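The values are calculated or read from the model by the stated rules, or taken from the named source; none is laboratory data. Every value quoted in this text rests on a predicted model; they were computed, and no experiment measured them. Cβ placement follows ideal geometry from the backbone for every residue including glycine, while neighbour counts extend to all protein chains displayed.
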Amino acid sequence: MSKDLNTFLKGFKITDIECKPGQELNLHYNSETFKYFSNGKHVHHIKYLPQLCKNENDQSGDGKLLNTFLNKDRGLARLSNYVYKKFKPENIEESISLLPSPELKDNSSNDPKIKLPISGKVTKLSTIPEVVNSEANINVKQLRLITKLSQKMNNVQMEMDKKHLRDGNYVFKYRYGKLLSEINKGSFGEIKIFGKKIEDSSDIMNSKYTYCSEGKIFYAVKEFKPKKTDISMETYKTNIISEFIIGNSFFDKCPNILNVFNLMQLPDSKFIQVMELCPCGDLYNYIQLYNKRHHRIHALEADCFLKQVLNAVGFMHIHGIAHCDIKLENILLYPQGLLKLCDFGSSSVFQTAWESGIHKQKDKLGTQPYLAPEEHKDEPYDPQLSDCWSCGVVYMTMVLGHYMWMKASLKDDMSYEKFEYEMKNSKRFHIFEGLSHYYPMRELFRKRVLYKIFNPDPNERITVIQLLNTPWINSIDCCQE
């Protein structure tokens with residue numbers, strides 16, 4: 001193995017890459033961020049977010065801004081002062097956790113009234129039917145948490161908790177540290193990086209579930225936008241609780257789903273969600289980096305990424321939840337190629353623990369280029385099947401570097417109209433037929449599956465669970481397994 005290759009492989013699991021004794025390890029594909037070897041193994045080396053780098057050429061992930069900020073015992077560096085003045089974190093750092101405190105007695109009724117998801121029916125906990133689906137994530141435990149979060153949001157218990165919470169265990173600045181930078185802003189609100197030194201048992205425990213570097217732990221914090229005038233305060237709070245409950249219910253259960261730590265309330269009644277920080281940004285920006293250099297992502301790298309996305313989506317489906325907004329921007333990255341599916345604000349609970357059947361979705365959810373054709377019709381649809389279509393759009397956008405169409409509608413998009421015309425007349429689509437793969441046999445397997453993913457008839461479309469068991473996906477050597 002060459003000296004340069006040894007340098008690159010520093011930090012990776014060399015035992016997973018090297019060949020058997022007597023065999024030579026050759027580099028079959030070599031780019032700045034992806035390398036493929038003669039033994040079938042590969043490694044990723046994805047760049048860190050700029051906020052975590054000391055300069056443009058540094059990829060240690062230690063971060064000059066972050067180190068400068070965290071190493072100051074008193075006051076802030078000049079740069080950090082600028083960050084503080086621009087993003088005004090004072091309210092966030094004084095926010096209080098809405099999660100129930102185990103040290104406080106629960107003064108609520110032993111048989112509280114609970115609003116059931118999906119139906120919205122209010123019932124007593126004791127009257128909930130017997131569990132028929134133990135795999136479902138939304139169960140009695142989650143309903144209790146929903147009730148307690150609602151109570152705290154409505155200040156039923158907030159005054160009672162304040163003195164206890166001021167001990168530091170439930171106040172943001174003691175648990176999650178100081179503001180470091182803003183990394184994203186959108187219709188949902190803002191995402192900011194916070195961090196602190198690893199000092200106590202809570203930090204040590206959390207360090208297993210988010211990005212850490214040189215004795216410091218980092219979090220991504222989502223600050224929800226204020227309520228819009230066209231929705232009620234109850235609906236606004238219900239949406240925030242729903243997003244948190246779904247995300248938090250998957251905590252430490254699937255390696256490809258983002259960990260959601262906490263839901264907190266600011267003094268001005270705004271809300272924030274504390275999440276795992278993925279240090280390399282999202283898949284959309286990663287693909288854009290390739291596009292700027294007039295390159296395309298390697299098929300084997302796209303395969304590895306797709307399998308991880310399918311693992312996350314399939315895990316959600318098994319537990320009764322559809323994501324409903326699968327897109328490149330909602331897939332986050334670690335340097336070694338680990339992917340995390342995030343943002344559960346549009347997610348749909350199609351089956352709870354006491355239901356044997358599934359509920360179809362009525363509303364259009366997600367981002368337009370990723371929506372399945374049935375979502376543009378005024379009919380209920382199975383969100384599991386629309387998720388599968390979205391996964392296909394993610395994959396094709398990776399390998400092509402652009403969308404195949406902007407809207408899967410015959411009336412509104414000529415590119416999609418051409419797709420349906422070709423499928424109806426020849427049962428083939430020129431884009432699928434023109435794709436090449438490193439492995440000829442996998443190319444054949446992939447082509448067959450793509451036609452099943454992009455079947456305009458959802459009743460004939462393959463599910464994500466079935467997709468995970470196809471020869472194509474089974475043949476993918478995912479580096480994160």
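Residues that are buried (at least 21 other Cβ atoms within 10 Å of the Cβ) and in a loop (DSSP other than H, G, I, E, B) within the range 263-297 comprise Leu277, Cys278, Pro279, Cys280, Gly281, Ile297, listed in sequence order.
Consider the range 448-480 and keep the residues that are part of a loop (DSSP other than H, G, I, E, B) and in contact with a Gly (Cβ under 8 Å, 6 or more places away or on another chain). The one that is surrounded by the most Cβ atoms within 10 Å (Cβ to Cβ) is Phe454.
Close Cβ contacts (under 7 Å, 6 or more residues apart or on different chains) running from residues in the range 193-222 that are at negative phi to residues that are small (Gly, Ala, Ser) and not in a strand (DSSP E or B) comprise Phe194/Gly177; Gly195/Gly177; Lys196/Gly177; Lys197/Gly215; Ile198/Ser207; Ile198/Gly215; Ser213/Gly61; Ile217/Ser207. Condition check for Asp268 on (1) touching a helix residue (DSSP H, G or I) at 6+ places or on another chain (Cβ under 8 Å); (2) modelled with pLDDT of 95 or more; (3) acidic (Asp, Glu): one failure, at (2). Here Lys307 passes the criteria (1) among the basic types (Lys, Arg); (2) assigned to a helix (DSSP H, G or I); (3) outside the structural domain of Leu467 (by TED's automatic domain parsing) except the one numbered (3).
Tallying residues that are in a loop (DSSP other than H, G, I, E, B) and not hydroxyl-bearing (Ser, Thr, Tyr) within the range 323-343 yields 11. Residues in the range 298-352 that are acidic (Asp, Glu) and touching a strand residue (DSSP E or B) at 6+ places or on another chain (Cβ under 7 Å): Glu301, Glu329.
So that you can scan it fast, the table gives a plain yes or no per residue for (1) modelled with pLDDT of 95 or more; (2) out of contact with any Pro (no Cβ under 9 Å at 6 or more places or on another chain); (3) of a type outside the set (Val, Ile, Thr):
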residue	(1), (2), (3)
Ser201	no, yes, yes
Ile204	yes, yes, no
Tyr211	yes, no, yes
Lys222	yes, yes, yes
Lys227	no, yes, yes
Asp230	no, yes, yes
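If you go through the range 249-279 and keep only what is of a type in the set (D, E, K, R), farther than 14 Å from Cys342 by Cα and in contact with a strand residue (DSSP E or B) (Cβ under 9 Å, 6 or more places away or on another chain), you end up with just Lys270. Taking the condition surrounded by 22 or more Cβ atoms within 10 Å (Cβ to Cβ), touching a helix residue (DSSP H, G or I) at 6+ places or on another chain (Cβ under 9 Å) and of a type in the set (A, V, I, L, M, F, W, C), does Ile358 pass? No; evaluated as a whole, the condition is false for this residue.
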